1. Please give the FRET efficiency for residue 98 paired with residue 60, using the beta carbon to beta carbon distance and R0 = 41 Å, rounded to the nearest 0.05.
2. Which length gain, in nm to one decimal place, applies between residue 72 and residue 51 when the Cα-Cα distance is subtracted from 0.36 nm times their residue separation?
3. Between residue 40 and residue 27, what is the spin-label point distance in nm, taking each point 7 Å from the Cα along the Cα→C-beta axis?
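A short reminder: the numbers here are calculations on the coordinates, not readings from a lab. No experiment lies behind these values; they were computed from the predicted model shown. Here Cβ is always computed from backbone atoms with ideal geometry, including for glycine, and neighbour counts include all displayed protein chains.
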């Protein structure tokens, strides 16, 4: 093992260098807890602001709701699907169902 290897134990403590994979960063965990506490206090107020914005402009209210949700809901991966332009949506759904069932 080289002198700078992250798995080599530290000379004084005997502990490996660095944080093991999967262990959360302590500072990040503290910040998340603090933000969660803050959100508990102001969450209803923010919801009111979003409703007020939506009353004037529904698109703006939706935009604000999505912006807030991005901090709490993980984004889904985007996949591209190619379809035959000549088929209806119902035909595509039926074809997908048949394919799943093993029928063609």
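1. 0.40
2. 5.7 nm
3. Distance between label points: 2.5 nm.
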